[in-house]
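Before any comments, here is the structure.
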Amino acid sequence: MKQISTHKAPSAIGPYSQAIKAGGMLFCSGQIPVDPATGVIPEGVEAQAEQALTNVKNLIEAAGSSIDNVVKTTVFIKNMDDFAAINGIYAKYFTEPFPARSCVEVARLPKDVLLEVEAIAEL
């Protein structure tokens, strides 16, 4: 196992790693839409989706891989009514064959953000 961290994604806010390399795979912790340079959380679900997915992309690249190598994502959203808007942003980051994905509505997320995205990628 090897811990991966980058200043281009938000720092862990608890006892966990941003990502772990293990067995030829990269396991990324959930990324919330915090701008790692400023700590600012953008307004609105589309801007938050853009920031969270940018954080995922930056973390994967810090591990020496590419967002094209993502095999599975999990998207946690605060309101299932935002599903279509999030999909619109998500489609800008992933192309066919799309990663397998779960999408779950949750009651609350860290810092009261509107979504969180985690990913598993090949190295």
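The values are calculated or read from the model by the stated rules, or taken from the named source; none is laboratory data. Predicted model only: the values in this text are computed from it and were never measured. Cβ atoms come from the backbone with ideal geometry, glycine included; neighbour counts cover every protein chain shown. Only protein heavy atoms, including side chains, enter the accessible area calculation; ligands, DNA and RNA are left aside. Shrake-Rupley method; radii C 1.70, N 1.55, O 1.52, S 1.80 Å.
Couple of notes before you dig in:
- Among residues of segment 85-120, those that are among the aliphatic types (A, V, I, L, M), open to solvent by 30 Å² or more (accessible area, probe 1.4 Å) and either under 21 Å from residue 26 (Cβ atoms) or outside any helix (DSSP H, G or I) (or both), counted: 6
- Checked against the criteria, residue 64 counts as loosely packed, with under 13 Cβ neighbours inside 10 Å and either under 12 Å from the mean Cα position of the chain (by Cα) or part of a loop (DSSP other than H, G, I, E, B) (or both).
- Check on residue 79, polar (S, T, N, Q), open to solvent by 20 Å² or more (accessible area, probe 1.4 Å) and at pLDDT 95 or above: yes
- Contacts under 8 angstrom Cβ, first residue in segment 54-74 being modelled with pLDDT of 95 or more, partner assigned to a helix (DSSP H, G or I) and open to solvent by 20 Å² or more (accessible area, probe 1.4 Å), 6 or more apart: 56/93; 57/93; 60/69; 67/57; 67/61; 67/93
- Only one of 75, 56 that is within 19 Å of residue 120 (Cα to Cα) and assigned to a helix (DSSP H, G or I): 56
- Filter result (in contact (Cβ under 8 Å) with a residue 40 or more places away in the chain, assigned to a loop (DSSP other than H, G, I, E, B) and open to solvent by less than 50 Å² (accessible area, probe 1.4 Å)) within segment 16-43: 18, 24, 32, 33, 34
- Residues of segment 75-91 satisfying the condition of being touching a residue at least 12 places away in the same chain (Cβ under 8 Å) and not small (Gly, Ala, Ser): 75, 76, 77, 78, 79, 80, 82, 83, 86, 89, 90
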